[in-house]
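Worksheet for the structure shown next.
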Amino acid sequence: KYACVRTDNMSGTLQGKDLVSLKFDGAIENGCVVKVGAFLEGEREVREAVVPTTADKKEDLALIASPEVIKSKTYHALSDFINEDGRICRGYRLADPKQIFSVTLEAFVKGAAPVVGDFVVVGDNCKWNVAKSEVEGTTTVGKVVLVEGQWYVIEVA
């Protein structure tokens with residue numbers, strides 16, 4: 001079972017400038033976070049996506065949210081989808097505050113089930129980390145504002 005994402009109120013749903021085409025070295029789940037790198041050689045629209053670090057700035061980050069296209073008839077759920085190695089992914093830039101997105105528990109570091117009011121921060125991995133308060137030396141992306149069943153609703157700070 002993989003992470004799922006909703007782009008509830010992300011500016012990229014209406015403004016193309018807030019979308020980015022990315023290629024990650026390996027498979028990556030929707031709902032994860034990456035650092036947007038340089039354009040890939042020979043490409044004018046596809047950028048490299050790399051594992052973020054705690055030192056990265058929010059404006060350099062993107063939420064992975066590709067359309068879930070499942071080609072196998074044996075899978076039917078959104079949680080069966082993963083962005084395969086070598087495929088181009090869609091990313092939503094996280095620079096603008098007040099955007100809202102939702103992810104399932106699988107998008108968080110294992111064991112980090114958030115509650116309303118928790119901060120969502122970047123660690124040294126592509127999964128989201130949870131903190132009870134803002135942590136100096138890490139990048140706070142947003143705050144959990146609502147839990148709707150399996151969905152953790154995050155408002156960008």
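Which count do you get for residues in region 6-45 that are touching a helix residue (DSSP H, G or I) at 6+ places or on another chain (Cβ under 7 Å) and part of a strand (DSSP E or B)?
Going through region 6-45 one residue at a time, the tally reaches 4.
Please work out which one of (1) among the hydrophobic types (A, V, I, L, M, F, W, C); (2) open to solvent by 60 Å² or more (accessible area, probe 1.4 Å); (3) at pLDDT 95 or above; (4) in a loop (DSSP other than H, G, I, E, B) is the condition Ala55 fails and give its number.
Unmet for Ala55, out of (1) among the hydrophobic types (A, V, I, L, M, F, W, C); (2) open to solvent by 60 Å² or more (accessible area, probe 1.4 Å); (3) at pLDDT 95 or above; (4) in a loop (DSSP other than H, G, I, E, B): (3).
Quickly run through region 122-136 and pick out the residues that are touching a residue at least 60 places away in the same chain (Cβ under 8 Å) and either open to solvent by 60 Å² or more (accessible area, probe 1.4 Å) or not in a loop (DSSP other than H, G, I, E, B) (or both).
Scanning region 122-136 gives Val122, Asp124, Trp128.
What do you reckon, is Glu134 more than 26 Å from Ala27 (Cα to Cα) and not aromatic (Phe, Trp, Tyr)?
Numbers: more than 26 Å from Ala27 (Cα to Cα): yes; not aromatic (Phe, Trp, Tyr): yes.
The answer is yes for Glu134.
Within region 137-157, track down each residue that is open to solvent by 40 Å² or more (accessible area, probe 1.4 Å) and in a loop (DSSP other than H, G, I, E, B).
Within region 137-157, Gly137, Thr138, Gly149, Gln150, Ala157 meet the criteria.
Considering every residue within region 63-76, establish whether at least one is more than 18 Å from Asn30 (Cβ to Cβ), without any contact (Cβ under 8 Å) to a residue 60 or more places away in the chain, charged (D, E, K, R) and surrounded by fewer than 21 Cβ atoms within 10 Å (Cβ to Cβ).
Yes, region 63-76 contains at least one residue that is more than 18 Å from Asn30 (Cβ to Cβ), without any contact (Cβ under 8 Å) to a residue 60 or more places away in the chain, charged (D, E, K, R) and surrounded by fewer than 21 Cβ atoms within 10 Å (Cβ to Cβ).
The values are calculated or read from the model by the stated rules, or taken from the named source; none is laboratory data. No experiment lies behind these values; they were computed from the predicted model shown. With ideal geometry, Cβ positions are generated from the backbone for all residues, glycine too; neighbour counts draw on all protein chains shown. Side chains are part of the model used for accessible areas, which takes the heavy atoms of the whole protein and leaves out ligands, DNA and RNA. Shrake-Rupley method; radii C 1.70, N 1.55, O 1.52, S 1.80 Å.
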